[in-house]
Amino acid sequence: MKTDGRPAVSEALHEITLTVNGVVREAKVPGRRLLSDCLRHELGLTGTHVGCEHGVCGCCTVLLDGDPVRSCLTFAVSVDGHEITTVEGLSGPGGELSPVQRAFSECHALQCGFCTPGFLCTVTALLRDNPAPTEDEVVEGISGNLCRCTGYQNIVKAVHRAAELMGDEA
Amino acid sequence: MTTKLFGERVQRREDLRLITGQGRYVDDLGRDALAAAFVRSPHAHARIRDIDVSAAVDVDGLVAIYTWEDLPERVRDPLPLLIPHPALTHGRTAYPLARDIVRHVGEPVVMVVARDRYLAEDAAALIEVDYEFLKPVVGIEEAAQGAHLVHEDVPGNLGAHLVQEVPSASGAGAREAIEAAPHTLAFRLDFERSASMPLEGRGVYARWDPDDRSLRVYSSTQTSTSVRMAVAAKLGLPLPSVEVIAPDVGGGFGVKIVHPWPEEVLVPWAAMLLGREVKWTEDRREHFISSAHERGQVQHVRVGFDGEGRILGLDVTILHDHGAYTPYGIIVPIITATQLLGPYRIGAYRVEFSSIYTNTVQVTPYRGAGRPQGVFCMERTMDRIAAHLGLDRADVRAANFIQPGDFPYDQGLIFQDGRPLIYDSGDYPESLRMIKELIGWDGFAALKAEAAAEGRTIGIGLGCYVEGTGVGPYEGGHVQVTSDGRVHVSTGLTSQGQGHETVFAQIAATELGVPLDRVSVVTGDTRRFGYAVGTFASRAAVMSGNAIALACRKVRDKALRIAAEALEADPRDLEIEDGMVRVAGNPGASIALATVAVLSNPLRYAFDEEAKRATQFSGAASMDRPPVAEGEEPGLEGRDYYSPVRSTFASGMHAAIVETDPDTAEIKILRYAVVHDCGRLINPMIVEGQIHGGVAQGVGGALYERMVYDAHGQLLNASFMDFLMPYATEVPFIETAHLETPSPLNPLGIKGAGEAGVIPVSAVIAAAIEDAEGITIDRMPISPSELHELRGRATS
Ligand code: FES
Ligand code: FES
């Protein structure tokens with residue numbers, strides 16, 4: 001977690017309003033609160049994970065107004081008024097799994113599951129923009145996310161499978 | 001047994017919570033807990049002169065600051081040396097907070113507790129520690145010279161020294177055999193450090209209940225039972241008052257088997273003292289500089305062989321860098337020294353290692369645990385022999401193989417479990433045949449010539465390994481069928497993504513004849529199962545899998561006894577299918593397992609409709625014997641343990657084709673093939689997943705990952721920006737084939753699969769690059785700039 005090294009004697013708090021997974025949420029946060037920490041600790045949405053806090057692993061990826069961002073490199077105050085989708089918001093209203101979620105399970109694209117929320121968000125945006133990616137586009141599309149467990153082979157497979165499932169449903 | 005789930009590609013039951021964000025990792029728990037942060041040493045070797053906390057005490061939200069001086073008896077003692085060994089004559093472990101001396105960058109010095117982590121770090125940043133610098137000891141060979149010492153009382157920085165020697169059949173020692181051999185070679189090999197690097201770091205969260213004086217600890221650990229015992233001992237609490245739970249764990253790969261970490265002692269201690277929940281979550285830099293690394297070794301090899309490449313004598317001397325402390329003993333170099341032999345029958349073998357202190361992060365097992373280095377040594381040796389004799393590299397290996405008829409095969413050494421290194425089963429010639437076919441070994445020369453004609457440089461490499469898996473001493477399983485027909489399985493070892501909930505459920509469902517969805521599995525929770533060792537050494541499936549199968553068999557026998565009485569049948573005529581106990585060949589005569597569970601527990605009180613059957617006036621009981629017969633217990637449950645006489649030995653062979661760029665020296669893996677033999681497969685999908693992940697880590701270790709220490713003992717690349725772990729763009733497609741040679745040692749015939757993927761990768765990639773370039777490769781990892789430099793040297 002980040003600190004600027006100076007004591008923050010009673011830090012000023014900022015009131016922010018975020019629309020998270022379609023629900024309007026309000027929080028009071030210090031200026032330095034990372035979006036990842038705000039989601040996890042203020043809003044209790046612990047599905048977004050933190051693997052490095054320096055913007056490399058991609059575990060903390062969420063969708064900001066639909067686009068993937070590293071929530072560990074984003075201050076919560078800077079996204080006041082914006083829409084955020086986290087892994088908790090990928091399923092349908094009745095809890096039905098999204099094609100990307102289903103494909104990940106079907107293809108054994110996760111082991112410990114720690115990187116998975118970041119991949120799911122990344123891939124959701126990837127397939128929205130490119131519903132039928134080539135092998136190279138898939139590998140390229142997930143190349144900003146680290147996974148230490150799976151060796152990526154089944155993740156690549158899952159992205160193709162998700163595209164297929166989405167095609168079937170369209 | 002008709003419910004055939006063992007061996008199927010069953011989808012994982014862990015997935016649903018993990019893909020919906022409902023997993024529970026340590027940092028997801030305890031939202032209101034106080035947060036701990038640590039002041040860690042910025043110096044590799046220094047004496048602490050003074051710690052000044054005065055500037056920190058005004059920080060908003062600060063709760064407590066602790067130094068070593070503040071710790072009570074036992075808590076302040078050095079952490080335990082987990083695996084003592086007679087050869088580890090100078091074992092040393094760290095204090096939970098540094099006392100007087102720090103011995104590596106990252107060693108914890110002060111603990112801060114505050115309202116949240118931001119504030120705890122604010123306070124930590126304001127604490128001034130005054131250090132007097134001592135000479136840092138960095139680099140294995142420098143350390144081995146002993147000019148400066150890591151521990152004042154450890155001369156030569158030598159923690160352990162061990163020689164193992166296996167004479168030839170005629171009684172000749174290795175050195176003698178080498179002298180007498182028609183051909184000899186001598187060379188040096190280097191292997192650099194890497195680390196497990198799970199994406200979730202370590203973490204501890206403790207809850208003290210002041211009313212009943214009990215402690216609950218959640219830890220991201222590979223062994224909750226042993227953490228529990230360590231915490232109870234350190235805090236002086238009765239064991240039954242301490243519970244430790246490993247919740248969802250975001251990868252382990254070895255580093256989380258080490259325990260108790262300083263934080264695992266200090267966080268619960270602070271929670272008890274403060275009467276508040278306290279949590280600590282490791283950040284990435286802390287993980288780099290304060291947990292553990294592995295791999296670093298220098299090896300000197302002498303080998304003597306005959307004209308067919310058969311090894312007559314092998315003499316290996318290993319310098320092993322174990323960092324600043326030895327909490328995990330000398331397991332890593334022992335494994336290197338013993339598993340180096342791989343699938344081969346060696347004439348005479350001598351291995352000697354010195355395990356050396358340096359002012360760097362401690363070295364403890366990382367997936368493969370010493371084997372990648374050992375296999376690198378042996379496989380590089382095989383390739384050198386082949387090159388020397390002008391023979392095919394696969395043929396030289398085949399000439400040295402232990403044959404299928406030779407099992408059990410005694411290598412004459414003592415393995416990491418203190419037991420003889422006896423291979424139980426395997427089929428190495430078949431494995432070689434399969435890998436050659438899979439990669440196209442025999443047709444490669446033509447391919448290479450074709451590529452050369454196009455100005456491309458490609459090469460092929462091969463690597464073989466044998467892996468001792470499923471080490472003891474034991475694991476246990478508990479299986480309970482409740483009156484709703486559900487089956488509750490628990491085992492004490494922990495999970496870090498291996499899919500244990502799925503494979504153990506497959507085993508239980510198969511053994512008990514119930515549908516998979518009726519089985520639930522709990523691991524790593526001492527509230528459910530208190531006796532266990534932990535998850536490491538590719539042992540979970542072998543150890544807990546068999547224990548659960550044995551526990552299920554007890555339950556099944558009991559179910560059949562009770563059902564036989566109810567159905568007035570002979571238990572031997574009964575079978576269980578789909579949760580129903582049936583008389584074979586008489587579908588009408590059946591009783592649900594749920595009902596058997598009801599009958600197994602004679603009741604006084606009917607708490608629901610079903611329970612009426614087991615009450616005293618139901619007419620079900622025989623009047624001639626007590627309701628619970630002698631030797632029986634109420635309830636349809638069973639507990640059993642599996643404790644093997646020794647490890648079971650999995651094996652495999654990998655092959656790769658690489659291309660090197662003539663200009664940039666970029667190294668690209670074109671194809672990667674794996675033949676893997678882990679005995680009977682419980683779930684091939686999961687085994688393949690383990691292989692993929694292992695190979696990816698192997699690729700990282702072969703081409704990208706290293707721990708770059710400078711002469712001052714600073715780790716220069718302690719972030720994901722600088723420590724290069726492979727992304728999807730770096731890992732090749734992995735082609736996999738399975739061979740199943742059952743283990744004769746355990747009831748299920750299985751062998752471990754967790755680590756295998758990583759083991760031979762550096763050896764294979766080195767061989768392939770060597771084949772492509774015609775330049776000897778004797779150190780790994782290798783980067784394009786290093787290859788470029790080697791090219792320069794080869795032509796100059
Ligand atoms: S936690 Fe944000 S990129 Fe790693
Ligand atoms: S599944 Fe464990 S890090 Fe990706």
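The values are calculated or read from the model by the stated rules, or taken from the named source; none is laboratory data. All values derive from a computational prediction rather than experimental measurement. Backbone-built Cβ (ideal geometry, glycine too); neighbour counts: all protein chains shown. Side chains included, ligands, DNA and RNA excluded: accessible areas come from the protein's heavy atoms. Shrake-Rupley method; radii C 1.70, N 1.55, O 1.52, S 1.80 Å.
Miscellaneous remarks
- With contacts taken as Cα pairs under 8 Å and at least 6 residues apart, chain B reaches a relative contact order of 16 percent.
- Partner lysines for A:K28 [C-alpha distance under 21 Å; skip if fewer than 8 residues away on the same chain]: A:K2
- Listed values for region B:318-326 are Karplus-derived 3J(HN,Hα) couplings in whole Hz (6.51 cos²θ - 1.76 cosθ + 1.60, θ = phi - 60°), namely 10, 9, 10, 8, 9, x, 7, 9, 10, and x replaces Gly and Pro.
- Separation between Cα centres of region B:311-386 and region B:494-519, rounded to whole Å: 36 Å
- Selection of GluC sites (Glu not before Pro), region B:600-655, meeting DSSP coil and at most 15 other Cβ within 10 Å: B:E609, B:E630, B:E632
- Dimensions (Å) - chain B, Cα atoms, principal axes, largest first: 97, 72, 52
- In sequence order, region B:42-55 has phi-based couplings of x, 10, 6, 8, 6, 9, 7, 8, 7, 10, 10, 9, 4, 5 Hz under the Karplus curve 6.51 cos²θ - 1.76 cosθ + 1.60, θ = phi - 60°, and Gly or Pro positions carry x.
- Alpha-carbon centroids, region A:45-59 and region B:24-85: separation in whole Å: 25 Å
- Of the GluC sites (Glu not before Pro) found in region B:105-198, the ones in coil according to DSSP and having at most 14 other Cβ atoms within 10 Å of their Cβ are B:E152.
- In the protein assembly as shown, the portion of solvent-accessible area held by carbon and sulfur atoms comes to 51 percent [1.4 Å probe, whole percent, DNA, RNA and ligands not counted].
- Across B:K234/B:K279; B:K554/B:K751; B:K448/B:K751, pairs whose alpha-carbon gap is larger than 27 Å: B:K448/B:K751
- The A-B contact accounts for approximately 4900 Å² of buried accessible area, totalled over both chains at a 1.4 Å probe radius.
- Amide H to amide H, with H built 1.01 Å from N, B:E467 comes under 5 Å of B:A650, B:S651, counting only residues 5 or more places away or on other chains.
- Residue among A:C57, A:C121, A:C112 with the largest mean-square fluctuation in a Gaussian network model of chain A, springs linking Cα atoms under 10 Å: A:C112
- Sites A:H82 and B:E165 - FRET efficiency at Förster radius 56 Å, r taken between beta-carbons, to 0.05: 0.25
- The protein assembly as shown - Kirkwood radius from inverse mean 1/r over Cα pairs (Å): 29.6 Å
- Neighbourhood net charge (9 Å Cβ-Cβ; Lys/Arg +1, Asp/Glu -1) for B:V363: 0
- Taking all protein chains together and a 1.4 Å probe, the residues B:S520, B:S647 rank B:S520, B:S647 from largest to smallest accessible area.
- In nm, spacing of pseudo-spin labels at B:A453 and B:E73 (7 Å Cα→C-beta vector): 8.3 nm
- A run of chain B free of exposed loop cleavage sites, with chymotrypsin sites (Phe, Trp or Tyr not before Pro) counted only in DSSP states other than H, G, I, E and B and at most 10 other beta carbons within 10 Å, reaches its longest extent at B:1-604.
- Estimated vicinal HN-Hα couplings, Hz - region A:86-95 in sequence order (Karplus 6.51, -1.76, 1.60; Gly, Pro = x): 10, 4, 5, x, 7, 6, x, x, x, x
- Cα centre as origin, Lys/Arg/Asp/Glu Cβ charges: region A:13-89 dipole, Debye: 220 debye
- Part-to-part distance (alpha-carbon centres) for region B:390-417 and region B:734-773, which is given in Å: 15 Å
- Antiparallel content of DSSP bridges confined to the protein assembly as shown, in %, to 5: 80 percent
- Total charge dipole magnitude, region B:192-314, about the Cα centre, Cβ charges on Lys, Arg, Asp, Glu only, Debye to nearest 20: 200 debye
- Dividing the summed helix terms, -39500 (n - 2.57) for each DSSP H run of n ≥ 4, by the number of residues in chain B produces a 222 nm estimate of -8000 deg cm²/dmol to the nearest 500.
- Estimated dipole of chain B in Debye, rounded to 20 [Cβ of Lys and Arg +1, of Asp and Glu -1, Cα centre]: 1040 debye
- The mean accessible area for residues of the protein assembly as shown, using a 1.4 Å probe and ignoring ligands and nucleic acids, is 36 Å² per residue.
- Note: relative contact order over region A:13-89, using C-alpha pairs below 8 Å and six or more positions apart, is 39 percent.
- Residue among A:C149, A:G31, B:T93 farthest towards the positive dipole end of the protein assembly as shown, charges placed on Cβ: B:T93
- If you plug the beta carbon distance of B:E308 and B:R17 into 1/(1 + (r/R0)^6) with R0 = 60 Å, you get a FRET efficiency near 0.60.
- FRET efficiency, B:E142 to B:L239 (Cβ-Cβ, R0 45 Å, nearest 0.05): 0.50
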